[in-house]
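> This is the structure I want to talk about, given as structure tokens.
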Amino acid sequence: MEDKVCGFTIAHVDHRTKLLWYNGSLLKNKEIDSLVFDVPTEWMVNDTWEKGPLKQDMSCMSGAPVQSIDRDTVNMLDHTVELAKEVDDSLRQHIPVAVP
């Protein structure tokens, strides 16, 4: 079975192919759910895209080595998710229409 990485975010790398950032959101799928967060632990670049047909469908990449995101970065992202949840909860209390 071929390795692949699936998700709703896109990895961006520097000139040495080191992960710089990923875009899409801290949310698992910002297009369909504002409550479910997801912290990636793996990434892949520069090979074959299998694009999900709809926004609620994940896209996958296969054919390249799966890269692990280092534990410190995953921990930092986990902490960022917790802070984002606190901000969202506060916004929901003070401005209910701001965050669904």
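> Using 0.36 nm times the number of residues separating Asp78 and His12, minus their current alpha carbon distance, what extension gain do you get?
Gain in length upon complete extension: 21.8 nm.
> Quick one: which of Lys55/Lys85; Lys51/Lys85; Lys30/Lys85; Lys18/Lys51 span more than 19 angstrom between C-alpha atoms?
As for pairs spanning more than 19 Å Cα to Cα, those are Lys55/Lys85; Lys51/Lys85; Lys18/Lys51.
> With Rg and Dmax of the Cα atoms in Å in mind, check [x] 13.0, 40; [y] 14.5, 40; [z] 15.2, 49 and report the label derived from this structure.
Among [x] 13.0, 40; [y] 14.5, 40; [z] 15.2, 49, the one derived from this structure is [z].
> What is the extension gain from Ser68 to Leu54, computed as 0.36 nm multiplied by their sequence separation minus the C-alpha to C-alpha distance, in nm to one decimal?
Details: separation 14, 0.36 × 14 = 5.04 nm, distance 2.69 nm.
Extra length from Ser68 to Leu54 when fully extended: 2.4 nm.
> Could I ask something else about it? Pick from Pro65, Pro40, Pro53: which residue has the top mean-square fluctuation in a GNM of the chain where Cα pairs under 10 Å get a spring?
So, out of Pro65, Pro40, Pro53, the one fluctuating most is Pro53.
> If you don't mind, another one. Per-residue counts of other Cβ atoms within 10 Å, averaged by peptide: what ranking do you get for 27-33, 46-52, highest first? Spell out each step's value before the answer.
On the way: 27-33: 15.1, 46-52: 12.0.
Order by mean packing, descending: 27-33, 46-52.
> Right, here's the next one. Please determine, in degrees from 0 to 90 and to the nearest 10, the orientation of helix 71-94 with respect to the longest principal axis defined by the Cα atoms of the chain, where the helix direction is its Cα long axis.
30
Only the coordinates and a few stated rules stand behind these numbers; no lab work does. It should be emphasised that the depicted structure is a prediction, and the values quoted were computed from it without experimental measurement. For neighbour counting, all protein chains shown are included, and Cβ atoms are generated from backbone atoms with ideal geometry for every residue, glycine included.
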